[in-house]
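The values are calculated or read from the model by the stated rules, or taken from the named source; none is laboratory data. In this text, all values refer to a predicted model and were calculated from it rather than measured experimentally. Reconstructed Cβ throughout: ideal geometry from the backbone, glycine too, with neighbour counts over all protein chains shown.
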C-alpha cells in the first residue's frame, strides 16, 4: 500500500507547517524566558481545530484531516518523534547523580509522588463526576489515571527552568533534577500498570505478566545492559565510521527497546527511555554524539509531537472551566505540598522546600501521552484531555516565577559587594582548573588561617559531581566548610581556563566561594547572586577587559 | 485514524531491522572499499522477499507486510528519507564549481547524457519487447523512460568513489563532479517531463504546465531564492537558537519545495534537491550545520530508503537474465562512450577520457526512484525494475576499479623520488596557508629563476576553488605553468597549518607542485602518486617525526 501523490503533498505540507509554527512559537516563548515546549504546544492548539480549524475549516481539513493515509503517516512520524524524545531524555539521566543526592532526594521524590497521587486518586475516586469521568463503571481505573497524571514531573521542562534561573548547578538544582529523575522512573512503572488495566496491551497479557516483564526489563537494562553497552560503544566508535555507527547503534537499540515495551503492553516510549538511560550512562559516549542526537531530536522531531497534541481536540469547545480548575488546583496542591514536605523532612529550610516544591511542579509530555491513551481507550472525555494539557501548561509556566520568588525570600540581606576584599582579587597565570583552584585556596587559607588540605578536598569533591563552569566566562567553585563567615576570592585569567561550561566558553573569572557549614542556605543565595551579575554579556566583556585590579573591582561592583 | 499498538510494534521492529541490516552491509562494503550505498541496497534485497521472505515467510510477513497501516507509516518515513537525501545532495552541489569547469564539463555532461539517452531510447523504441515493456501502447513513454534511466549519473556515489581513489580534489575529480552535477540538474528536468507523461501528476496538470512551472521553479530558486536565503541565513543563525533554528529552516524549506513539485506533478525529491542547491550555495551556512544534517540524513534516513528498494520485489523470481544483460550493456556503452567522447572532444587525453567515462558510469537513487514510479504506474514489469537495480549496483561497483586501471595506464613511468631535490626540502615556521605557499614559491622561483608573481597567482587561483588539504597531514598546492619540467618543493611544519582538509587534520607536510602547462596529464599523475604515499597513517606519523631533513628525505622515499 503506497501513499498517493496527493497524500505525499499533504503529508509534506502538514509537517512543514507544524515545524514552522512550532519554531516560531517556541522562539517567542524563549524571548520571554519561558520553556520553548510551551510555545510548541500552543502552536499546536492554534494550528488545530481550536483556532485554524475554526477560522479556515476547509484549509484545515485539506491539510490535516482529509486523507486517512496522510493521517497514518503523520501518526507514524509523531510516534517516532515521541519515542526519540524519551530516548534523548534517557540519555541525559545521570544515574550516579541520582544516587549521590541521598536522603533529601529520596524524601522529595517519594513523598512528592505519593502525595499528589493520593489526592488525585481520592478526589477522582470519590467525586468522579466532578473530574469528568466518562464511564462510571471504570471509576477505579479512572482514579488511578488521575493520580498518576498528577504525580509525574516533567524532567526536560524542569531542567530548562533551572538553567534559565541559573541554579542548575547548585545543590538545590541537583536535588530537584535527581528527584525528578527518580520520579520519572517510578512514574513510568505505575504508568505501565495503568496501561495494562486500560487494556491497551498489544497482546492482552495479564497485568502481573506486564508488571513482571517491565521490572525484569528495567533491571536487565540498568544492570547488565548498561555494562554491555559500555563495552560495545568504544568498539563501535573505533571500528565503524564515526558518527554514523554510533548514531545507528543508539537509534536501533532505542527503537528495539520501544518495540519490546510496546509489545509487552506498556507504551513504547518507556522502553526508549530506559534504553536511553542505559546507553547514556557510558562514559565512552562522546559529548559530540550526545549533542548531535539531542539537537536533531529536540529541533526536528520533538516539536512534531508537541504540535500534534493541539491537533487532536478543540480546546475551546472542549473547555470546561470547573474541570480545568480542579485539575490545576489538585496539581499545584499535590506537587507543591508533597515535594515541599518531602524536602523539608529531608532537611531543607522552609523557603528552600517551597522553591523545590514549585520546581518539581512542571508537567509535560508524560501526562499528555497518558491522556492521549486514555482518550483513545475511551476512559476520559476530550474535556479532561484539554484540562490535562492546560494543567501541564500552567504548572510549567508558573514554575520559574514561583521558584525565583521563594529563592529571593531566603536570600534577602547579603550584599556581595560589601564582602569583596581587594587583596583577594588577583590576575592569575594558572592554565588548568586544578591549579587555579589551588591558587585560590592558598590565598584564602593564608589570609584566614584555614586548613588548605581540608578545603581542597571539599572543593574538589564538589567539582567531581559536575564542574562549576557556569557559562559566560564565570566559574564558581564552592564548598560548605566549618567557618563562621562567608569567604571568597577572585582570580582573573586573561587566557581563560577550561571549566567545562555548557556554553563552552573558557572561564576567565574564577570565584572560590566558601560558606559556613551551619548556614547551608547561604551558598545557594550567594551563587545565585553572583551568577546574576554575570548575565549580561556586554558588561562581563567589559569586566574581563578591566586593565588593573582596581578597575576590575569597580566594574565588578557595578555589575 | 491512529496506529494500534500492534502496528507501532511492527513499525518499530521493521525500522530497527532495516537500519541494522543497512549498517552491517554498508560497513562490510566500506571494508572492501566499495560505496556503502551498495551494501544498503544489498541489505534490502536480503531482508526482502528475495531471501528473508523466501526462507522465513511467516516472520517476513509479520514484520513487513501484515498490516496496511504499518505499510503506510513505513512508506511515509521512506518518502521523507529520500526527500531528505536529495535535500542533502542539493546542499553539496557547488554551482560556481560547475560553471568554473567550462567547456570540458559542458561537453562531458551534455554528450554524456544525450548519447546514453539516445541509445536507450532507440533500443526501447525499436525493440520494446526485449527490454520488457508491459503495455505496448505506451512504447513512446517506455522508450523515454529507458533513455532517462540510463542517462543519470549518481552524484553521491561518484563523490564517494573519487574520495576513495584520492582524486576528489584533482582537476579530473572536479571535472567529473561538475559534470555529474550538471547531469543531475538536466536529468531531473527530463525526469519531470516523463512523470508528467506517466500521468503521475497529483492534479493531472497538462504537461506544458508541468514543464513550465518546473522551469519557473528552478529559475526562481537558483536566481532569486538563492539570494534571499543568503540574506536570511545569517539572520536566523544570529536571532534563533543555534543550531535549532537553521536546522528547522533547512528542513521546512526542503519539505515545502518537495510539496510544491509533488503538487505540480513531478516528484517531491526534485523540489528538495533544488531547494538544497539554493540553500547550500550560501557562504553563511556554517560547515558544522551542513555536517550535522549530512550525518543524520546519510546515517539514519538514507539507509531506510535504500533498504526499502529491496523490500519491493523478489530479485530471484523477477530476475530475467536477458533484460538485465541488455540494461547493463546499454548502461556501460551509453555512459562510457558518451562521457568519454565528451571529455575527449573537450580536450582530455584518451586514457583520461576513459577514466572520466567510467567515473560517470555510477547509477543510483534516481533511476531507482524513476523505476519505482514506473512500476507503480504499471509502465514496467517487476523484471525491468530488478534489471534497473542490478544495473545501478553493477555500474557503481565497477566504477572504482575501471577508473584506477585507466588512471594507472596514463601515469606509468614518472618516479617521484628521483625528482626530489634535497635543497628544496625545508622546515618552516610559517603559520598560515598563504605564508607557507609564498615561502615555497620563493624557494622554487629562486632556484629555477621563475616569475614569483605569475606562479603565485596561478597557485592561489587553484586554491580559491577548493583548498588542497588532502588529509592525513598532507597539503598539495599545485598549478600548471609555462615550464618544461616538473618542479616541486616540500615544507615541513611541526605545528601544522590549517589547509581545510576533510579530515580536519592540520597540514604538516606541504608540497608545492608545478607541472608543465603543455603536459596537463602530468599533474594528475603526480598528485595521485604523491597522495598514494600518504595513505598509511603510521608511516606518515613517522615521516613527520623525522628529526632532520636527511632523515625526512629517507623516510619520504621509503613511503
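Tell me whether the range B:2-9 contains one or more residues that are at the interface with another protein chain (Cβ under 8 Å from one of its Cβ atoms) and modelled with pLDDT of 85 or more.
yes
Quick one: which residue in B:393, B:470, B:450 is in a helix (DSSP H, G or I) and either in contact with a strand residue (DSSP E or B) (Cβ under 9 Å, 6 or more places away or on another chain) or in contact (Cβ under 8 Å) with a residue 24 or more places away in the chain (or both)?
B:393
Taking residue B:218 as the residue in question, decide whether it is within 12 Å of another protein chain (Cβ to nearest Cβ), in contact (Cβ under 8 Å) with a residue 12 or more places away in the chain and crowded, with 16+ Cβ neighbours inside 10 Å.
So residue B:218 fails the test.
On the basis of being touching a residue at least 60 places away in the same chain (Cβ under 8 Å) and closer than 23 Å to residue A:104 by Cβ, does residue A:477 make the cut?
No; evaluated as a whole, the condition is false for this residue.
Condition check: within 26 Å of the chain's Cα centre (by Cα) and either in contact (Cβ under 8 Å) with a residue 12 or more places away in the chain or within 12 Å of chain A (Cβ to nearest Cβ) (or both). Does residue B:19 satisfy that?
yes
Could you tell me whether residue B:196 is more than 9 Å from chain A (Cβ to nearest Cβ), at pLDDT below 85 and more than 29 Å from residue B:99 (Cα to Cα)?
Answer is yes for this residue.
If only one of B:430, B:464, B:404 is surrounded by fewer than 21 Cβ atoms within 10 Å (Cβ to Cβ), assigned to a helix (DSSP H, G or I) and not assigned by TED's automatic domain parsing to the domain that holds residue B:329, which one is it?
B:464
Take the range A:497-519 and flag every residue that is in contact with a strand residue (DSSP E or B) (Cβ under 7 Å, 6 or more places away or on another chain) and over 25 Å from residue A:480 (Cβ atoms).
Residues satisfying the conditions are A:503, A:505, A:506, A:508.
Can you pull out every residue in the range B:22-45 that is out of contact with any helix residue (DSSP H, G or I) (no Cβ under 6 Å at 6 or more places or on another chain) and either within 11 Å of chain A (Cβ to nearest Cβ) or farther than 19 Å from residue B:157 by Cα (or both)?
B:24, B:27, B:31
Scan the range B:520-531 and report the pairs whose first residue is closer than 18 Å to residue B:483 by Cα and whose second residue is part of a helix (DSSP H, G or I) and at pLDDT 75 or above, with Cβ atoms within less than 7 Å and a gap of 6+ or a chain change.
Matching pairs, first to second residue: B:521/B:352; B:524/B:172; B:526/B:416.
Can you find, within the range A:64-118, the residue that is surrounded by the most Cβ atoms within 10 Å (Cβ to Cβ) among those that are closer than 16 Å to residue A:308 by Cβ and more than 11 Å from chain B (Cβ to nearest Cβ)?
Among them, the one singled out is A:86.
List the number of the failed condition for residue B:362; all other conditions in (1) part of a helix (DSSP H, G or I); (2) closer than 25 Å to residue B:270 by Cα hold.
Every listed condition holds for residue B:362 apart from (1).
Among the numbered conditions (1) facing chain A (nearest Cβ under 10 Å); (2) more than 15 Å from residue B:84 (Cα to Cα); (3) assigned to a helix (DSSP H, G or I), tell me where residue B:242 comes up short.
Tallying (1) facing chain A (nearest Cβ under 10 Å); (2) more than 15 Å from residue B:84 (Cα to Cα); (3) assigned to a helix (DSSP H, G or I), residue B:242 fails exactly one: (3).
Select, from B:56, B:118, the only residue that is within 23 Å of residue B:184 (Cβ to Cβ) and not assigned by TED's automatic domain parsing to the domain that holds residue B:461.
Only one candidate passes the filter, namely B:118.
Please go through the range B:248-298 and give me each residue that is at the interface with another protein chain (Cβ under 8 Å from one of its Cβ atoms) and either touching a strand residue (DSSP E or B) at 6+ places or on another chain (Cβ under 7 Å) or free of Cβ contacts under 8 Å to residues at least 12 places away in the same chain (or both), ordered by number.
Answer for the range B:248-298, where residues must be at the interface with another protein chain (Cβ under 8 Å from one of its Cβ atoms) and either touching a strand residue (DSSP E or B) at 6+ places or on another chain (Cβ under 7 Å) or free of Cβ contacts under 8 Å to residues at least 12 places away in the same chain (or both): B:248, B:252, B:295, B:296.
Would you point out which residue out of B:148, B:139 is over 21 Å from the mean Cα position of the chain (by Cα), part of a helix (DSSP H, G or I) and farther than 18 Å from residue B:89 by Cα?
That would be B:139, the only listed residue that is over 21 Å from the mean Cα position of the chain (by Cα), part of a helix (DSSP H, G or I) and farther than 18 Å from residue B:89 by Cα.
Scan the range B:128-151 and tell me whether some residue there is surrounded by 22 or more Cβ atoms within 10 Å (Cβ to Cβ) and without any contact (Cβ under 8 Å) to a residue 12 or more places away in the chain.
Among the residues of the range B:128-151, not one is surrounded by 22 or more Cβ atoms within 10 Å (Cβ to Cβ) and without any contact (Cβ under 8 Å) to a residue 12 or more places away in the chain, which makes the answer no.
If residue A:526 satisfies every condition in (1) outside any strand (DSSP E or B); (2) surrounded by fewer than 18 Cβ atoms within 10 Å (Cβ to Cβ) but one, which is the exception?
(2)
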